[in-house]
Amino acid sequence: TMLKHVVFALCAAALAIALADVVCEDLKNKVACDDANPADGPCHWCLSRAVPSLCVNNTDYSMLPPAVFVCDRVCEAQQTQANCNAQQEGDQPCVWCSAKGYYGVSMCLNSTNYKLLPASLFTCKVPPPF
């Protein structure tokens, strides 16, 4: 009904405003970093043996040298199917999933999380092994 759509839109707008205040770089531990999901994409907890671990946003994550940093949420950072299929977390491939029907949401998830999506609502394409 129309009322449900209005309520959904208001809730989404309030959530977007709340998330806009999250700054990944201000988060100082893995749990807070992994739980944060600001409007511009997920935060990433990045480990290094050379410097202290840090929480970074999507833009900064993509600029960190992989020889120095190992970051989590690699799959979630991918915005296209091509980029998703070219990545992996650990030794597992990233999987591109698209919502069926009205909402048209697509996302990249790791090999564990994509299995949690209801198959009746999402179509997921597992890439061939690397």
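What follows draws every value from the coordinates through simple rules; no lab data is involved. What you are looking at is a predicted structure, and each value in this text was computed from that prediction instead of being measured. Quick reminder, even Gly has a Cβ in these numbers, built from the backbone with ideal geometry, and neighbours come from all protein chains shown.
Some values worked out for this structure:
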read-out: Rule-of-thumb Rg ratio for the stretch 45-130 [Cα; 2.2 N^0.38 Å; N residues]; value: 1.19
read-out: Stretch gain in nm, segment residue 60-residue 123, where the contour uses 0.36 nm per residue and the Cα spacing is subtracted; value: 19.7 nm
read-out: Local net charge near residue 122, Cβ-Cβ under 13 Å (Lys/Arg +1, Asp/Glu -1); value: +3
